[in-house]
1. Restricted to the range 1-29, and to residues that are assigned to a loop (DSSP other than H, G, I, E, B) and among the aliphatic types (A, V, I, L, M), which residue is surrounded by the most Cβ atoms within 10 Å (Cβ to Cβ)?
2. Residue pairs, Cβ under 8 Å, 6 or more apart or interchain, first in the range 199-217 and assigned by TED's automatic domain parsing to the domain that holds PHE172, second among the charged types (D, E, K, R) and in a loop (DSSP other than H, G, I, E, B). List them.
3. Yes or no: the range 136-144 includes at least one residue that is without any contact (Cβ under 8 Å) to a residue 24 or more places away in the chain and outside any helix (DSSP H, G or I).
4. For ALA192, only one of the following conditions fails: (1) in contact with a helix residue (DSSP H, G or I) (Cβ under 6 Å, 6 or more places away or on another chain); (2) more than 17 Å from ALA143 (Cα to Cα); (3) part of a loop (DSSP other than H, G, I, E, B). What is its number?
5. I'm checking my understanding of the structure. Among residues of the range 205-219 that are aliphatic (A, V, I, L, M) and within 9 Å of ARG168 (Cβ to Cβ), which one is surrounded by the most Cβ atoms within 10 Å (Cβ to Cβ)?
6. Quick check: anything in the range 71-79 modelled with pLDDT of 90 or more and exposed (fewer than 15 other Cβ atoms within 10 Å of the Cβ)?
7. Restricting to the range 182-199, and then to whatever is surrounded by 20 or more Cβ atoms within 10 Å (Cβ to Cβ) and not aliphatic (A, V, I, L, M), can you tell me which residue is nearest to ASP118 (Cα to Cα)?
8. State which residue is nearest to the chain's Cα centre (by Cα) when the search covers only the range 214-227 and only residues that are assigned to a helix (DSSP H, G or I) and among the polar types (S, T, N, Q).
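The values are calculated or read from the model by the stated rules, or taken from the named source; none is laboratory data. Fair warning: this is a prediction, and the values are worked out from it, not measured in the lab. With ideal geometry, Cβ positions are generated from the backbone for all residues, glycine too; neighbour counts draw on all protein chains shown.
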Amino acid sequence: MWLFFKEAHECYQTEVIGCGKLYHRYKKDFLNSHSYTDCQYAAGKNEHKKNFYIMEEFLEEREDLVVIFFTKVDFEYHDYKVLHHKFNTTEPPPNGQYLHGKPPSILQTAQETKPKQDFQCYFDSTQLNLIARHANEVHLFSADVSEEDMRKLFSCQVSKQLKARSNRRVAFFFDMLCSKNLICKQWQSVIAKHKLILSSSTDKPLTTTKLSSATSDAKSTNASIYEAIRKKVQEIADCGKNDSKDTI
């Protein structure tokens, strides 16, 4: 299913963004070009039929999500996971509250200038459990954290702020998550805006300035702990990629 959505995104970028094709024409042409499958067995035919109708529902009923995700130049597996979650857990806005019908440049501008209010991520339970375990192993926070703590942190809904044991380690960890496209590039602003993490030295919420400085300091040292963090984040990223059987 992930590859089906990636193909839909590439087609959207080429035809709607690149050539100015009307959205309703893109939608019909894309669906019509994927009506049939070469599979000769019932299981394969059923899987294709299921995926086709999922895509049809997405393109016809969730134009809001199309605008959010398909106007982005890049559409990675991480983006698909977020789309997957929103498609399954949210309702479409009232009719007429879409951006299609405006020039592609406006669509791109709307996407590019939309402020990030959260990490723009979706981690499943396996990944959250892994994040919690790795955070404890490298001592990111002053106390051990759980899967539920990480779920609240990445949804920006912490009931009690976490305190960094080392500002540099925390900043480097989040920067590595960003480098793997697991969270948005504005992660520093998200942490600061929601006051999610307290500084190891002052007990005050980390600001974008503090996080930026801590990230730079961490990258300028060759301490082995940062290589360990880099490897653990890679493991988290690989865990998400291996979830290839996930269906929307």
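1. Step by step, filter the range 1-29, then rank; the result is MET1.
2. Within 8 Å, the pairs are SER200/ARG165; PRO205/LYS195.
3. yes
4. Failed condition: (3).
5. ALA214
6. For the range 71-79, residues modelled with pLDDT of 90 or more and exposed (fewer than 15 other Cβ atoms within 10 Å of the Cβ): absent.
7. TRP187
8. Pass one, the range 214-227, residues assigned to a helix (DSSP H, G or I): 214-219, 224-227.
Filter once more, keeping what is among the polar types (S, T, N, Q): 215-216, 224.
On the way: THR215: 21, SER216: 24, SER224: 28 Å.
Among residues in the range 214-227 that are assigned to a helix (DSSP H, G or I) and among the polar types (S, T, N, Q), the one nearest to the chain's Cα centre (by Cα) is THR215.
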